[in-house]
Structure formats: C-alpha cells, structure tokens
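The values are calculated or read from the model by the stated rules, or taken from the named source; none is laboratory data. Not measured: the values here are computed from a predicted model. With ideal geometry, Cβ positions are generated from the backbone for all residues, glycine too; neighbour counts draw on all protein chains shown.
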C-alpha cells in the first residue's frame, strides 16, 4: 500500500512539473487573439460572436475597452446584451453607425458568424507593422513606439494624465538554469492603466506576489491573463526571459 | 502511514486556496451597484430578506458625516448590529425613517414596526429587498443623468456635483446633530509616494471636510495629531484600511490611481 502511494506522489509531481511546460498550441497568426463569445448567443439561436483583438488594437489601447467600457479579461464574463449595446454600452459604445458599423439587421453576420477566422482577408493590411516571432507575428509595442499605429487611450471620458512609471523589473526565476524574466512597466503602461493589473492580478508588495509561478501563468493567472491568448504568448520564452537558451 | 501521506498531499492543495486573492481579475461592480451594502445581521432570523442599502441615493441627500458620526453607523457592513427595536426607538435608520421627518417635499417612510398590516409588508421590502423583485422609487439612471460624470465607482463625480450645487447634502438633523462653530480647514498637503517615480499624493482636507467633517477620520482612522504620525502603505489601503476605509467600496475607488497620485515628481 505505501508503495502505491509513493508511486502516486511520484506521478503527481511529474504531472505537476509537466504542466510547467505545457503551452497551448498556437493558432495561425491571423487568428491569434480572436475569441468566440457565446454567453447567450447559441441559447438565443444566433451564432456566437467573433471578436478580433488585432483589428481592434490597431485603433484602441487595451484600456479603452478593458477600463472605460468595462469588458472583463475573460471571455463570456461581461454581461453583453443586445439591449446594452443599443444603449451605447460595451460594443455599442463605438458600434452605433457613427464611429463603427451599427447594430442593425444588415450587419448581424459581421459579428454573429461563429467563425474564428472571420475577417482574415484584412490581416495583410498589417503587413507594414514591425514583425515578431509569435502571436500575430506583429510587434505591437514597437508599432506604437515607432508610431506606425496610434491607438486611442480613451473614448469619451478623458483620463487624468497617466502615471509615468517606467521601472523595469528583473524577476528571478524559481528554477535553476532559467534566466530572470524582464518586466518593463513602460511597454505595459503604453497600453494599460495601472489598475488593469494592480492590485487584483499583481499585489504591490515587493517580491511577495504569492504563487506567481509559471504553472499559474499557464493556467491563465498573473501574466497568463493576457500573455496566453491576446498579448504575445508564453511559448515565446525569450519574450520575457531574454537570455534563455535552447528555446525559441 | 496512509494518513501521514494524505496530509502531505493535501497541504499544498489548501495552501493554494489561502492566497487566492491575486492572480486573477475580479468583476467590477456596475455604476449602480457600487457602494451597495447588504446588511444581514438579524434579517433572516425575522423571516425577512437582507437589507440592500445603496450609498448613491443617501449620499446625494446627506453627508457621510451625518450617518457615520452623528447617527453612529460603523464604516464596515454588518458591524453596527442594527436591530429593528433600535430603529423603532429612533436610532440608526429610525433616526430619519420614522414616518415623520420630511426631506424636501417628501415624508420619509417609517422603517420598522412591531404591529403591521398586510399592506404594510410592502414597506418592509423597500429596505429588505435583497433578492426580491422590488421596484424602487428612485431609478439610478434617471436620478444621476444630470450629474457630472467620472470614471469608475458610481461613474459620478460627487465632489463636482456638490461644488456646482447639483446636490445639496444635508449635514444637520434637529435633535441629533449639534451645531458648533466649525474648525478652520487645514491646508492641502502632499504625501510622498514610497515608490520612486510614482507621483506624490495631493490630499485635500477641504474636499474631505465637506462630506466628513473632522470626526469621521480623526482620530480613529488617522491619529491626526502630527503630520506623518500614522504610518501606512498602499498594501494596507488595498486591504481596506486608512484611505481604503472609504476609497475601496464607497468613495471613488483606488482603481483611479491618478486622482490621488497627481503631483509628478521630476
């Protein structure tokens, strides 16, 4: 009996270690960051909504939708309804027929198409943006720095000027032979507000964000809130651990 | 042996629950939900739904000080221990909700009672409304339409609304409040941030005293005898202490970083 239990412990620890290296398979660049929203669509007998992050982030920073319009960071969580959209909330803040196409009958299929690859014929328009190794194969941060794109920071309510907090953090890895991760505040605050990440995702106690480990990131917590499916994916190890050898 | 192993295996499982507060994103309350408090000390014992108290309606009509100092409501939900009997004696909610007091052109409805008719039950559910389908007298959207907008919280700039006279929160109730000459308002001052390059905090006594007087914060939350005497950090504020006593759940939330961290250092 004890032998069996010891074996179980061994298997569990191997499984746990394995999870540290499980990266979800990458979709094609033109589908990276695309979501199918189906909180109520199928129930209401319409097709799920395709939402493309790449087509929206060309023109808007993350904080426009995720702070001002209050979209959650997880799909199917925000209570988006037709009524809310028509009242100018959520998608309806722009999709009103003035800023972007409206919620009318002629446009149903533009969102409610259930096709994750919808709109990919427009993806080549982004060919002039700086390239990267992963995700959409676009270096969005550089694109904004070089002013190839100039995404808006707000729609209606102008935020007080941002806090110019630019400190780059060096995060020592827990594992031997894994070089430290470099975290630049600057490239994050260009797109996000402080409160998008603090204090809910990362508390601000120095070096004591508890359980901030790779396995949690890969489970969609901490960096994984964005860096799995929207911002460049974690399979691009050197995106964060720049001196990592033998990997991408 | 078996038990011992089970404990070893379970310890990390429980440890992972203990610090579940970071790492994920919570749902942000909607503007009309912000500042909502559910009071359920004795409600279910009396066979009633918990009380849903919304700060937005009350703060448009009364200052914070009036309820939290003169009437004596605690600053944390369910720590006051409000009893129907006390309400009926004219304490807590019953200070105003006595069926006699008038605000503007409206008589304020009576809160609790020992004798009531079937008809009166409707009145109970005006407060004991959590989980009930109650149509309130005031609709958030209509009520706040004309008020200046802000980001986060109720989506309303309460400070500006008061400054412009769009709301006139009362600060005095006959028989409860006592009129004394006001103390001179202390000057605004800067609080240095602990993290390098973080803008300093500009704290305005003037903006706070309109709603709070002195007594709401001093000396319990901040000792207030000497500047710099109370030591606190952002971590504690996020835990609901110090500024967080109000600015996490009722006054504009800490998510609006720049509203306090407003003086760039450079």
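Look at region B:163-181: where a residue is within 19 Å of residue B:91 (Cβ to Cβ) and a partner is exposed (fewer than 13 other Cβ atoms within 10 Å of the Cβ), sitting 6+ places away or on another chain with Cβ atoms under 8 Å, you get B:170/B:103; B:172/B:179.
Among the listed residues A:47, A:74, identify the single one that is in a loop (DSSP other than H, G, I, E, B) and over 21 Å from the mean Cα position of the chain (by Cα). Step through it out loud before you land on a result.
Numbers: A:74 fails: over 21 Å from the mean Cα position of the chain (by Cα).
Testing whether each residue is in a loop (DSSP other than H, G, I, E, B) and over 21 Å from the mean Cα position of the chain (by Cα) leaves just A:47.
Annotation: residue A:164 fulfils all but one of (1) under 17 Å from residue A:55 (Cα atoms); (2) surrounded by 13 or more Cβ atoms within 10 Å (Cβ to Cβ); (3) free of Cβ contacts under 8 Å to residues at least 40 places away in the same chain; the unmet one is (1).
The helices (runs of 4 or more DSSP H) found wholly in region B:94-166 and carrying at least 3 residues that are more than 14 Å from every other protein chain (Cβ to nearest Cβ) and closer than 30 Å to residue B:258 by Cβ occupy B:158-163.
Being without any contact (Cβ under 8 Å) to a residue 12 or more places away in the chain, within 16 Å of the chain's Cα centre (by Cα) and more than 14 Å from chain B (Cβ to nearest Cβ) is true for just one of A:60, A:56, A:131. Which residue is that? Lay out the reasoning, then the answer.
Values: A:60 fails: without any contact (Cβ under 8 Å) to a residue 12 or more places away in the chain; A:131 fails: within 16 Å of the chain's Cα centre (by Cα).
A:56 is the lone residue from the list that is without any contact (Cβ under 8 Å) to a residue 12 or more places away in the chain, within 16 Å of the chain's Cα centre (by Cα) and more than 14 Å from chain B (Cβ to nearest Cβ).
Within the option set A:110, A:156, A:105, being within 14 Å of another protein chain (Cβ to nearest Cβ), under 28 Å from residue A:89 (Cβ atoms) and over 21 Å from the mean Cα position of the chain (by Cα) holds for one residue only, A:156. Within region A:174-184, does at least one residue satisfy the condition of being within 12 Å of chain B (Cβ to nearest Cβ), surrounded by 12 or more Cβ atoms within 10 Å (Cβ to Cβ), over 19 Å from the mean Cα position of the chain (by Cα) and more than 25 Å from residue A:25 (Cβ to Cβ)? Checked region A:174-184: no residue is within 12 Å of chain B (Cβ to nearest Cβ), surrounded by 12 or more Cβ atoms within 10 Å (Cβ to Cβ), over 19 Å from the mean Cα position of the chain (by Cα) and more than 25 Å from residue A:25 (Cβ to Cβ).
Checked against (1) within 16 Å of residue A:37 (Cα to Cα); (2) at pLDDT 95 or above, residue A:77 passes all but condition (2).
You will find that of A:195, A:187, the residue that is in contact (Cβ under 8 Å) with a residue 40 or more places away in the chain, surrounded by 13 or more Cβ atoms within 10 Å (Cβ to Cβ), outside any loop (DSSP other than H, G, I, E, B) and within 14 Å of chain B (Cβ to nearest Cβ) is A:195 and no other.
Helices (runs of 4 or more DSSP H) wholly in region B:177-252 with at least 3 residues that are more than 14 Å from every other protein chain (Cβ to nearest Cβ) and out of contact with any strand residue (DSSP E or B) (no Cβ under 9 Å at 6 or more places or on another chain) - which ones?
Values: elements: B:205-212, B:234-238, B:244-247.
It comes to B:205-212.
For region A:147-174, the set of residues classified as touching a strand residue (DSSP E or B) at 6+ places or on another chain (Cβ under 7 Å), modelled with pLDDT of 90 or more and in a loop (DSSP other than H, G, I, E, B) consists of A:151 only.
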